[in-house]
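One structure is given here, and the rest of the page talks about it.
The values are calculated or read from the model by the stated rules, or taken from the named source; none is laboratory data. Here the structure is a predicted model, which is why all the values come from computation and not from measurement. We place every Cβ from the backbone using ideal geometry, glycine too, and count neighbours over all the protein chains shown. Surface accessibility is based on the protein's heavy atoms, side chains included, excluding ligands, DNA and RNA. Shrake-Rupley method; radii C 1.70, N 1.55, O 1.52, S 1.80 Å.
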Amino acid sequence: MCAMTSRQRMLTALTRSGIPDRLPVTTHHVMLYFLDKYMNGISYPEFFDTFGLDAYVWTVPYKPDEARGEYFDPNQTFIHPLDHTHRIVSDCWRIETESILDIQHKTTRYRFVTPKGTLSMVLQGNEYTDWVVEYLVKDKRDIDLIAEYVTHPRCDIESVNQTATAFAERGLVRGHICYFDVYGQPGCWQDAVELVGMERLILETYDDPDWVHELLKILQARKQTFIQSLKGARYDLLELGGGAASSTVISPKIFDEFVAPYDCRLIEQAHEVGQRIVYHTCGGMMPFLERIAAMKPDAMETLTPTGMGGDMRLSEAKRRIGDQVCMIGGFDQFHYFVGCTPAETRAEVRRCFEETGSNGGYILSPSDHFFDADLDLLRAFADEAHQCKYESVGL
Amino acid sequence: MSEQLLQDIRQGIIEGNAKLVPQKVQAALDAGLPPGKILTEGMISAMAEVGRLYEEGEYFVPEMLIAARAMKQGLAILKPHLVNANVQPVGKVIAGSVQGDLHDIGKNLVALMLEGAGFEIQDLGVDVSPQKFVDTVRAGNANIVAMSALLTTTMPRMKDTVEALKAAGLRDKVKIIIGGAPVTEAYAREIGADGYSPDASQAVGLAKSLVGSA
């Protein structure tokens, strides 16, 4: 078989339109922490080139609708090089930041200022990640302010398409469905969790389900605006979902009532404007495989293995949903990017390939982020994937 | 009638009926049922069934949460009577999510399930430093320290806490159990913990075995 470009290889797997020339291999978001600590701060493209990985370029640029009085948030001083997202605000939805002195962690209070009141949340962060220490929604009626005043970001299609042109055959152009300003997740339920708190939101599904639905509809409407703006954007893949709807934390009942109805509609709308969706779930997935597949995403990730806190059984998952979606992930980066031999890393690549690779439709990737990695093991990871040829193993 | 009340308490907890359970607990007390009997046959038995349903894959975290909440509401009514009747806890557990980890749902569930099994819980919350664990062990008479970590980047704080307890001369005073998404049995052995539990339900059996009441 002739060698494919990274883009051809990944698209072949993603669309399940044939068998790639070899196993496509990539990573999830590459962390700035890793690039700075281990690779002298090289860029994302340089990272992929260094290891010969099939590449993503991530980009989620917004464009303000000036006719609606929107503009870029002047208080956002850091535009992340991963997604290039500059928040959209208006005179009725202003975001103010306040650094709070904390000896341990960088701590910031964000205030969302509207004509009828101000909401606030507090985030902390370290060199690895950020987290919520004070949730935005305190009183249930706080969601009224969100409903009335939150801006609905739209995609800067021109910027996305310039990125796509420049990236050409190097790999796939990837983004995500918008999430709540400052901190959130692409899926509706998952976004709500970041505003309310997981435990409280779960309990409210029992105590006040109508209120939960009200919040989910508000968040869904914002994502729908974003999706509608995607027509003509040359994305190859957009992420929906997030870590808060895995079987580790919610039940089939909650998935059926509070996750699927909202995200299924978003997937449908994304398809209507010519976009593909990967549904992201960190943690347990096995009880939900068919439920996620039934929403008709184009791909499912992260396929978190048991060694990383998930429950993935790749062969079984392939058998159950491999004919419906492209599968992305499955590699145990915690145990095979550090503290093992290259031979063990290679064996883990082979395991993933042999269990999941039949008929294509699989992209090897670590199951979500990694922060620390032995560069020799990364090389072994990529090199072994290069040697995974479908015809040679009867897959 | 007493058996019916115990069954109502039990079923109320299993179904997560937080309004019904305290009412039935009060009714059981009013009917003269011994507090210890209400605890063991009504509440602990219910939480054991909840744990079984979770391990069988019928219940998930949300069902455990509402069951534990119902249990806790009932326990609030029962507790003063347990003290008066000198009903002793099975053991005392210090629980916390380790330093740098703000995730608490797993830790909360473990604490609730252990409480439902008759343990007394001192919940230190999240982002608990090794020194805080040490100070709390030193100040009390806990049998078990239960640590949770949801991130691979915070897991090393579990080892730091074990080492801190050793350095403080307190390691032999407590049993240490750990859990959380990235945590494994092998990691527990590696850092010298006494046990690992993959979920809140199995944490109960583990804790009981470590205090010798399994």
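What percent do you get for the relative contact order of chain A when only Cα pairs under 8 Å and 6+ apart count? Walk me through the numbers on the way to the answer.
Working: 805 pairs, mean separation 75.1, N = 395.
Computed over chain A, the figure is 19 percent.
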Where Cα atoms sit under 28 Å apart: lysine pairs in chain A separated by 8 or more or lying on different chains: 27
Share of pairwise Cα separations in chain B, more than 30 Å, in percent: 23 percent
Taking only Cα atoms of the stretch A:209-283, radius of gyration then Dmax in Å: 13.0, 38
Percent RCO, i.e. relative contact order, over the stretch A:300-367, from Cα pairs under 8 Å lying at least 6 residues apart: 42 percent
Highest-MSF residue in chain A out of A:Asp54, A:Asp102, A:Asp311 [GNM, Cα springs under 10 Å]: A:Asp102
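Ranked highest first by the average count of other Cβ atoms within 10 Å around their residues, in what order do B:180-190, A:208-218 fall?
Working: B:180-190: 18.1, A:208-218: 16.4.
The peptides rank, most packed first, as B:180-190, A:208-218.
State, to one decimal in nm², a quarter of the convex hull surface area for the C-alpha atoms of the stretch A:5-132, i.e. the direction-averaged projected area. Present the calculation step by step, with values, prior to reporting the outcome.
Values: hull surface 46.3 nm².
The Cα convex hull of the stretch A:5-132, projected and averaged over all directions, gives 11.6 nm².
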Chain B: Lys pairs at Cα distance under 16 angstrom, eight or more positions apart or on different chains: 17
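To the nearest 100 Å², how much accessible surface do chains B and A cover up together, summed over both, with a 1.4 Å probe?
That pair of chains buries around 1900 Å² in total.
Tell me, what is a quarter of the convex hull surface for the C-alpha atoms of the stretch B:71-184, in nm² with one decimal? Mind showing how you got there, number by number?
Details: hull surface 28.4 nm².
Taking the Cα atoms of the stretch B:71-184, their convex hull projects to 7.1 nm² on average.
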Computed Kirkwood radius, in angstrom, where 1/r is averaged over Cα pairs of the protein assembly as shown: 25.7 Å
Average other protein chain Cβ within 10 Å of Cβ, residues B:31-42: 0
Sequence-distant residues sharing a close amide H with A:Met31 (under 5 Å, placed H): A:Phe370
Reference-scaled alpha-carbon Rg (2.2 N^0.38 Å with N residues) for the stretch A:108-228: 1.21
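Indicate, rounded to the nearest 5 percent, the antiparallel portion of the DSSP beta bridges found entirely in the protein assembly as shown.
Taking every DSSP beta bridge with both residues in the protein assembly as shown, the antiparallel ones total about 40 percent.
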Accessible surface of chain A, 1.4 Å probe, proportion on carbon and sulfur as whole %: 50 percent
The protein assembly as shown - mean residue ellipticity at 222 nm from DSSP helices (-39,500 (n - 2.57) per run, n ≥ 4, rounded to 500): -12500 deg cm²/dmol
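Within the set of other residues whose C-beta is less than 10 Å from the C-beta of A:Lys106, count the net charge using Lys and Arg as +1 and Asp and Glu as -1.
Details: positive: none; negative: A:Asp102, A:Glu127, A:Asp130.
Net of charged neighbours comes to -3.
Is there a simple number for the mean count of other chain Cβ atoms within 10 Å of the Cβ of residues in A:242-253, and what is it?
Mean shielding by partner chains, rounded to a whole number: 3.
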For the stretch A:265-375, convex hull volume per residue from C-alpha positions, Å³: 107 Å³
Protein-protein interface of the stretch B:168-214, residues with accessible area decrease of at least 20 Å², isolated chain reference, 1.4 Å probe: B:Ala181, B:Pro182, B:Thr184
Largest-first principal axis extents, alpha carbons of the stretch B:40-132, Å: 39, 36, 18
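Given a 1.4 angstrom probe, what's the average accessible area per residue across the stretch B:164-214, in square angstrom?
44 Å²
Could you please state how large a percent of the accessible area of the stretch B:130-214 is carbon and sulfur, counting protein chains only and using a 1.4 Å probe?
47 percent
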Per residue value of the accessible surface for chain A (all protein chains in place, 1.4 Å probe), Å²: 38 Å²
